[in-house]
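Working notes, structure below.
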Amino acid sequence: MEGEFHMKYFETVHKEGHEQVSFFFDPGTGLKAIIAIHNTTLGPALGGTRMWNYATEQEALTDVLRLSKGMTYKAAAAGLRLGGGKAVIIGNPKTDKTDALFRAFGKAVNTLGGRYITAEDVGTSVQDMEHVSEETTFVTGIDEAKGGSGDPSPLTAFGTLQGIKASVKHKMKRDDLKGLTVALQGVGHVGWHLAGLLKQEGAKVIVSDIDFAACQRAEKELGIDGIVNPDEIYDVQCEIFAPCALGAIINDQTLPRLKCQIVAGASNNQLAVQERHGVEIEKRGIAYAPDYVINAGGLMNVYVELEGYSQERAYRICSGIYNNVAQVFDIAEKQGIPTYQAADRLVEQRLNRATNLSPRFNASFARGR
Ligand code: NAD
């Protein structure tokens, strides 16, 4: 049984192309963590630390392998000098957190000498990262007051707006959003800022959220143009559907209902089944801006923190999302492939080019150095 587990483990790591997977156990604090470095061709592997009550250690391993690979793609598509990595801490984020646990985790991160840089993620907070930062400089997403980049959602929204503009240019041959209708799902952190930006661009914005009070606030404070029930957002007659709430919202049930020309929003993992729904959405004549390309603003924001945070520089880098999304549409058109595949091609092109040009990573490229 044990042998079988190891066989599968090495097979999986090899298949997905990970460079290094490290297991950390600290009996004093109860820390059980796995750090997966997927690829450092473009730079040090950056990715958040997820704390989750995984049912099994195998489940934790599967998650960290999948998430770290995703980070390689996200960073490369963003055009950043970063690789992909991720960490998981096995435990209940509500009951198992201690300051010492995160300091022990910080020591673990430090042993990797800068090949991996951590940040917050599901189940971890800015405060947890402060404890990590007591033991290592290879941490980002620190509090604004301490030189960190703070809440990434305004930057994510700004980047998403650039991706929407690139999608409109591609699909509708237009340079502006004046008079276009956007159906926006979720007015949380990102959706709220995006709604405000869209209004400034002269778009008509219809929103839905399971939190009705948030919709009402958006109506009052941002002047959005309408509210629909959460399930009705897919039926809104519009040019752009912008998902900013949930994953897997492009699926068998929603696709036939969409009345838009473009899907471009900040949610992660929008296609329920990549291969099927990524093809189906194209067949329906809808231009899909791949999620990990359009929602990279938050990652760009922490990237800027590594070199000493400047909001102005963060916005400048984020405006590059327009070109990244435009390039994806271009590759898709030239190669006759769906955009979700074109995004992967863009990443592979950038990785291949870099493999031939640069050293694998630069450990001095970390916060505070
Ligand atoms: P958030 O939790 O602040 O906002 C999500 C909003 O969606 C909430 O207001 C929630 O009530 C609403 N919601 C939940 N279920 C809904 C439903 N069925 N219909 C309508 N609304 C619903 O999260 P966020 O930080 O704004 O992130 C939104 C999405 O963008 C997530 O998928 C997230 O992974 C992704 N994302 C966020 C960032 C960032 O910088 N925050 C960066 C990259 C990607």
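The values are calculated or read from the model by the stated rules, or taken from the named source; none is laboratory data. Predicted, not measured: the structure shown is a model, and the values here were computed from it. We place every Cβ from the backbone using ideal geometry, glycine too, and count neighbours over all the protein chains shown. Each accessible area value is taken on the protein alone, full model and side chains, heavy atoms only, with ligands, DNA and RNA left out. Shrake-Rupley method; radii C 1.70, N 1.55, O 1.52, S 1.80 Å.
So the values come out like this:
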| quantity | calculated |
| --- | --- |
| Matching residues, the stretch 229-257, being without any contact (Cβ under 8 Å) to a residue 60 or more places away in the chain, more than 10 Å from the ligand (Cβ to nearest atom) and under 13 Å from Val182 (Cβ atoms) | Val236, Gln237, Cys238, Phe241 |
| Selection count, the stretch 295-304, where residues are under 9 Å from the mean Cα position of the chain (by Cα) and among the hydrophobic types (A, V, I, L, M, F, W, C) | 2 |
| From the options Lys173, Lys178, residue that is open to solvent by 50 Å² or more (accessible area, probe 1.4 Å) and touching an Asp or Glu at 6+ places or on another chain (Cβ under 9 Å) | Lys178 |
| The stretch 127-160, subset of a type in the set (A, V, I, L, M) and away from the ligand (no atom under 13 Å from the Cβ), residue most open to solvent (accessible area, probe 1.4 Å) | Ala145 |
| Those residues of the stretch 201-214 which are within 20 Å of Gln237 (Cβ to Cβ) and within 9 Å of the ligand (Cβ to nearest atom), in sequence order | Val207, Ser208, Asp209 |
| Any chance Gly186 is open to solvent by less than 40 Å² (accessible area, probe 1.4 Å), within 14 Å of the ligand (Cβ to nearest atom) and under 24 Å from Glu312 (Cα atoms) | no |
| Conditions (1) away from the ligand (no atom under 16 Å from the Cβ); (2) touching a Cys at 6+ places or on another chain (Cβ under 7 Å); (3) under 22 Å from Leu46 (Cβ atoms); number of the one not met by Ser267 | (1) |
| The lone exception for Leu299 - which of (1) without any contact (Cβ under 8 Å) to a residue 60 or more places away in the chain; (2) assigned to a helix (DSSP H, G or I); (3) hydrophobic (A, V, I, L, M, F, W, C) it fails | (1) |
| Unique match (being more than 14 Å from the ligand (Cβ to nearest atom) and either without any contact (Cβ under 8 Å) to a residue 12 or more places away in the chain or assigned to a helix (DSSP H, G or I) (or both)) among Ala314, Ala326 | Ala326 |
| Some residue of the stretch 308-329 being modelled with pLDDT under 95 and surrounded by 18 or more Cβ atoms within 10 Å (Cβ to Cβ) | yes |
| Count - residues of the stretch 131-160 that are modelled with pLDDT of 90 or more, in a loop (DSSP other than H, G, I, E, B) and under 18 Å from the mean Cα position of the chain (by Cα) | 2 |
| Sole exception among (1) under 22 Å from Ala326 (Cα atoms); (2) within 11 Å of the ligand (Cβ to nearest atom) for Asp175, by number | (2) |
| Selected residue (criterion: nearest to Val207 (Cα to Cα)) from residues of the stretch 228-286 that are in a loop (DSSP other than H, G, I, E, B) and among the acidic types (Asp, Glu) | Glu239 |
| Tally of residues being part of a loop (DSSP other than H, G, I, E, B) and either hydrophobic (A, V, I, L, M, F, W, C) or surrounded by fewer than 20 Cβ atoms within 10 Å (Cβ to Cβ) (or both) across the stretch 50-77 | 3 |
| From Gly114, Gly163, residue being part of a loop (DSSP other than H, G, I, E, B), open to solvent by less than 10 Å² (accessible area, probe 1.4 Å) and at pLDDT 95 or above | Gly114 |
| Thr41 vs. criteria modelled with pLDDT of 95 or more and farther than 20 Å from Glu120 by Cα | yes |
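Results for (1) within 23 Å of Ile337 (Cβ to Cβ); (2) touching an Asp or Glu at 6+ places or on another chain (Cβ under 7 Å), shown as yes or no for each residue.
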| position | (1), (2) |
| --- | --- |
| Phe212 | no, no |
| Asn229 | no, no |
| Ile233 | no, no |
| Cys238 | no, no |
| Lys259 | no, yes |
| Ser267 | yes, yes |
| His277 | yes, no |
| Glu282 | yes, no |
| Asp291 | yes, no |
